[in-house]
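Below: the structure, in structure tokens.
Laboratory data are not the source of any read-out in this text; all were calculated from the coordinates shown. Just so it is clear, the structure is predicted and the values come from calculations on it, not from any experiment. For neighbour counting, all protein chains shown are included, and Cβ atoms are generated from backbone atoms with ideal geometry for every residue, glycine included.
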Amino acid sequence: MPRTRMNRTTSASLAAVLLAAGWIAGCSTAPATHDWPAEIAQAPAVVRQAYAFADEHPEVLGQIPCYCGCGNVGHTSNYDCYISGLNESGEPVYDGHALGCSICVDITLDTKRLLAEGRSVPEIRAAIDAAYSAFGPSNMR
């Protein structure tokens, strides 16, 4: 009988641990694994979230400006802060600019949030313009 009680206790404990692990994994803020260069893969979770959003939504970020001054390095949208182009295989070539730029990341995460709220791209752009234009000129021509 003690063995059965031990097994029930162990089973209940194991189930609780697995349930908690599943809940934690489901609530994780880290994006799914991507084939990123090491410096991006090892970046803080919020930066990886922004790179993942850029990977998944080029059509959105390509219409959103950045206000960090990156127009001086040839960026023409917030998307360019993450991805500089596509290689011959059609895979993204990552730009490391956003690794060290909180304005880029903040704009991207605000865009992600507004998109999740159901806002249209023009509405998102207007909100980004209003929130970030004080930081500098838009990089969009």
>> How far apart, in nanometres, would the label points at Asp129 and Thr76 be if each is projected 7 angstrom from Cα along the Cα-to-Cβ direction?
In response: 1.9 nm
>> Taking the Cα centroid of the range 97-138 and of the range 35-50, what is the distance between the two, rounded to the nearest whole Å?
In response: 19 Å
> Taking neighbour counts of Cβ atoms within 10 Å as a proxy for exposure, in what order, fewest first, do Arg113, Arg141 appear?
Replying inline: Arg141, Arg113
>> Using a 10 Å cut-off around each Cβ, can you sort Ser84, Ser77, Ser89, Ser102 from fewest to most neighbouring Cβ atoms?
In response: Ser89, Ser102, Ser84, Ser77
> Using the 10 angstrom Cβ neighbour count as an exposure proxy, how do Cys70, Cys101 rank, fewest first?
Replying inline: Cys101, Cys70
> How far apart, in nm, are two points set 7 Å out from the Cα along the Cα-to-Cβ line at His34 and at Arg113?
Replying inline: 2.0 nm
